[in-house]
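**Student:** For reference, the structure I am asking about is given below.
The values are calculated or read from the model by the stated rules, or taken from the named source; none is laboratory data. Here the structure is a predicted model, which means the values were calculated and not measured. So basically every Cβ, Gly included, is an ideal-geometry build from the backbone, and we count neighbours across all protein chains shown.
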Amino acid sequence: MADSDLKEIERLSELIRKHDHLYYVLDRPEVTDREYDRLMDQLKELESRHPEWVFADSPTQRVGGKASDKFPPVAHRLPMLSLDNTYSEEELAAFHQRVLKGLQADAAEYVAEPKIDGLGVTLIYEDGKFVKGATRGDGKTGEDVTSNLKTIRSIPLRLPLKKSERGVLEVRGEVYMERGAFQRLNEAREQEGEPPFANPRNAAAGSVRLLDPGITASRPLNIWIYSLGHCDLPLPDTLSGVLEKLKSLGFRTNPDTRFCRNLEEMHAAVAYWDKKRRDLGYDVDGLVFKLNDLESQARLGSTAKHPRWAVAYKFEAEQAETRVLNISVQVGRTGAITPVADLEPVFLSGSTVKRATLHNEDEVKRLDARVGDRVLIEKAGEIIPKVIRTLETDENRENPKWKMPTECPECASPLRRLEGEAVWRCENFQCPAQLKERLLHFGSRNAMDIDHLGEAVVAQLIDRCGVEKYSDLYTLELDQLKELDRLAEKSGENLLQAIEKSKQAGLARLIFGLGVRHVGQRVAQVLARTFGSLEKIMNAPAEELEAIDEIGPRIANSITDYLHNPENREEIARLQERGVVTTEENGDAESGPLSGKQIVLTGTLETMTREEAKRKIQEAGGRVMSSVSGKTDFVVAGADPGSKARKAEQQGVRLIGEQDFLALLKKQ
Ligand code: IVH
């Protein structure tokens with residue numbers, strides 16, 4: 001079975017890398033932590049059986065995600081480790097046995113505390129003054145988010161220390177958002193035409209990592225402090241003592257910690273919290289057990305990733321039973337049709353659920369969910385719950401099987417499902433439902449960022465002002481807007497101002513806003529930086545796009561298809577005529593030191609991450625390509641360079657080291 005194990009290792013690694021990117025880079029996770037942890041555990045298990053296949057770039061070989069380059073890096077004085085996970089009573093018992101064995105003791109006392117589903121941070125105090133706060137990042141290096149953390153009122157900026165208590169005190173905790181506050185925030189966002197956050201954790205993480213602390217201050221964030229980092233102050237000799245001390249200094253420590261003196265008490269704590277967590281008002285995804293005695297903690301120490309003296313027990317996602325009242329379909333921006341179940345309202349994880357997604361036709365078939373069925377739904381950290389299974393088992397039950405409609409519910413065009421795709425689509429580009437979603441996307445926060453362009457306004461602009469395409473937004477006049485419901489003169493003016501302002505949004509936002517299939521924010525930024533103007537992208541053949549690192553054939557084809565379509569070209573011309581900027585200031589810096597150069601990166605650089613290197617090259621006017629070709633100007637080789645360096649040598653392409661690269665960047 002060895003070969004299939006290798007394949008499985010590769011498959012799991014690839015999948016985890018994808019989810020890492022979604023979670024850490026895009027703040028847009030697609031799986032629950034529990035599902036993610038399971039994948040990781042499977043990979044670890046396979047790797048432990050085949051140490052020869054533990055590759056240096058395996059997802060198991062790092063502590064966590066990577067810090068982005070938006071904020072200055074902070075090297076953690078003590079690493080911010082993550083916790084090993086357990087999912088069953090047996091696994092918890094095995095942890096306890098390991099602890100007893102490691103300590104050569106027959107009893108151990110733990111502090112059990114809810115595991116908060118938020119963003120881990122560290123707060124550094126010098127002589128009692130809050131001087132720096134950072135995210136966990138990859139566990140070794142985090143991001144300096146001091147200004148944003150200062151906006152959280154429960155973080156003390158000054159500690160009531162005694163004269164003798166001088167030096168550095170570093171405390172660690174979890175920033176989170178209460179569910180009620182999260183829902184209110186999302187409602188406000190939706191009204192303003194901004195995309196809602198998927199769950200409280202994303203909302204908290206996104207808010208801490210905003211570039212404008214003024215906006216962070218308006219977000220309802222809070223923090224629980226649960227441990228120490230580096231500390232120069234004299235300390236009690238137990239964790240519970242430390243927590244007491246932190247509390248007396250004004251930190252918000254969880255009042256609900258419990259002592260467990262044996263395995264029975266640990267199991268009892270799990271049962272207690274699994275129930276209680278539903279009434280907490282914030283998301284708790286597990287329970288953390290930590291040895292209380294600090295000297296024993298030190299004796300057990302840590303592996304590269306986890307302390308041996310602590311473990312997390314992960315709860316199952318919360319589920320509820322309800323009935324399907326109707327199954328309807330929703331039309332998305334690209335015409336994708338999503339079946340959705342309307343449900344008998346049921347309370348789950350802090351909110352009332354009325355709808356759940358059924359994803360696509362195959363999923364409805366797999367579940368065999370029908371109108372009238374009792375179903376089990378789950379809210380796994382996301383706001384959109386999903387139907388897990390139907391509780392009706394009679395194949396011949398009266399309710400007929402659900403069928404995908406053959407026509408679009410909005411415009412009655414025939415629906416089509418392309419081979420190899422899971423989704424059915426309405427292919428009518430003029431479909432009002434698609435148009436509405438497209439305009440909402442165009443105006444959304446990460447695209448053209450047009451304030452006041454919410455759902456209600458967009459629907460009326462289409463129905464009453466004849467808006468059919470993006471460029472129509474730029475010919476709207478105040479008189480037309482006065483007629484609209486719920487849009488007083490003042491907000492009409494505000495909307496027009498916001499539309500006017502969006503003309504300067506820049507190329508990256510425009511490309512993202514156009515809604516080209518497979519082109520997300522990241523790809524839009526890469527395109528804007530690499531080419532600098534929409535004309536240049538329009539004139540680039542698919543191969544040239546594909547040669548760019550981060551752009552594969554699927555994306556490249558989608559872009560060229562879009563830009564070669566005469567209607568889209570006309571629309572772009574209209575946007576230009578109406579003053580929408582289609583260049584990027586930073587893009588293809590004509591005068592930059594690497595202007596026009598095609599560069600390939602390989603190996604690990606010492607002074608910067610791969611992301612930073614890419615950005616620096618792009619800012620200097622160069623292009624980062626994924627593979628070495630005749631057009632490559634040079635290859636930058638860091639430590640442990642890969643096959644790209646060999647290929648460069650074979651092809652006679654110039655190979656330079658990190659120092660030379662840094663020197664090139666500096667040249668004017
Ligand atoms: S104690 C050595 N306690 O979970 C790590 N962590 O997977 C000691 N977390 O990075 C951490 N709630 O961000 C601890 N009550 C709690 C926690 C907690 C959430 C997070 C923390 C950590 C991650 C570990």
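The rows are residues; the columns are (1) in contact with a Phe, Trp or Tyr (Cβ under 9 Å, 6 or more places away or on another chain); (2) touching a residue at least 60 places away in the same chain (Cβ under 8 Å); (3) over 19 Å from R333 (Cα atoms).
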site	(1), (2), (3)
G492	no, no, yes
I511	no, no, no
L514	yes, yes, no
L527	no, no, yes
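**Student:** Under the condition of being basic (K, R) and either surrounded by 15 or more Cβ atoms within 10 Å (Cβ to Cβ) or assigned to a strand (DSSP E or B) (or both), which residue from the stretch 215-247 is farthest from the ligand (Cβ to nearest atom)?
**Tutor:** First pass over the stretch 215-247, keeping only residues basic (K, R): 219, 245, 247.
Within this subset, residues satisfying the condition of being either surrounded by 15 or more Cβ atoms within 10 Å (Cβ to Cβ) or assigned to a strand (DSSP E or B) (or both) are 219, 245.
Working: R219: 19, K245: 16 Å.
Of everything passing the filter in the stretch 215-247, R219 is farthest from the ligand (Cβ to nearest atom).
Each row is one residue, and each column tells you yes or no for (1) under 22 Å from the mean Cα position of the chain (by Cα); (2) of a type in the set (D, E).
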residue: S444; (1), (2): yes, no
residue: E455; (1), (2): no, yes
residue: A459; (1), (2): no, no
residue: L476; (1), (2): no, no
residue: E489; (1), (2): no, yes
residue: K501; (1), (2): no, no
residue: A505; (1), (2): no, no
residue: V519; (1), (2): yes, no
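**Student:** Restricting the stretch 255-313 to residues that are within 15 Å of the ligand (Cβ to nearest atom) and among the acidic types (D, E), which is farthest from F95 (Cα to Cα)?
**Tutor:** D283
**Student:** Hey, K163 hits all of (1) within 16 Å of the ligand (Cβ to nearest atom); (2) at pLDDT below 90; (3) among the charged types (D, E, K, R); (4) farther than 12 Å from W224 by Cα but one; which does it fall short on?
**Tutor:** The one condition K163 does not meet is (1).
**Student:** Please list, ordered by first then second residue, the pairs with beta carbon atoms under 6 Å, 6 or more apart or interchain, first in the stretch 40-65 and more than 16 Å from the ligand (Cβ to nearest atom), second modelled with pLDDT under 85 and part of a loop (DSSP other than H, G, I, E, B).
**Tutor:** E47/V54
**Student:** If you don't mind, there's one more thing I want to ask. Need the failing condition index for H21 against (1) under 26 Å from Y87 (Cα atoms); (2) modelled with pLDDT under 85; (3) of a type outside the set (A, V, I, L, M, F, W, C); (4) surrounded by 17 or more Cβ atoms within 10 Å (Cβ to Cβ), just the number.
**Tutor:** (4)
Here is a yes/no grid of residues against (1) out of contact with any strand residue (DSSP E or B) (no Cβ under 8 Å at 6 or more places or on another chain); (2) at pLDDT below 95:
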residue	(1), (2)
R397	yes, yes
L418	no, yes
R425	no, yes
F429	yes, yes
P432	yes, yes
L435	yes, no
H441	yes, yes
S444	yes, yes
A447	yes, yes
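**Student:** Can I ask one more? Out of the strands (runs of 3 or more DSSP E) lying entirely within the stretch 111-160, which hold 1 or more residues that are of a type in the set (D, E) and more than 20 Å from the chain's Cα centre (by Cα)? If you could, list the steps in order and put the result at the bottom.
**Tutor:** Values: elements: 119-126, 129-135, 141-143.
In the stretch 111-160, the matching strands (runs of 3 or more DSSP E) lie at 119-126.
**Student:** Continuing with this model, one more query. Residue check: is T86 modelled with pLDDT of 75 or more, away from the ligand (no atom under 14 Å from the Cβ), closer than 28 Å to L287 by Cβ and surrounded by 15 or more Cβ atoms within 10 Å (Cβ to Cβ)? Show your work before the answer.
**Tutor:** Numbers: modelled with pLDDT of 75 or more: yes; away from the ligand (no atom under 14 Å from the Cβ): no; closer than 28 Å to L287 by Cβ: yes; surrounded by 15 or more Cβ atoms within 10 Å (Cβ to Cβ): yes.
It is false that T86 is modelled with pLDDT of 75 or more, away from the ligand (no atom under 14 Å from the Cβ), closer than 28 Å to L287 by Cβ and surrounded by 15 or more Cβ atoms within 10 Å (Cβ to Cβ).
**Student:** Please verify whether G250 is at pLDDT below 95 and surrounded by fewer than 21 Cβ atoms within 10 Å (Cβ to Cβ), treating the condition exactly as stated.
**Tutor:** Working: at pLDDT below 95: yes; surrounded by fewer than 21 Cβ atoms within 10 Å (Cβ to Cβ): yes.
When the stated conditions are applied, G250 passes them.
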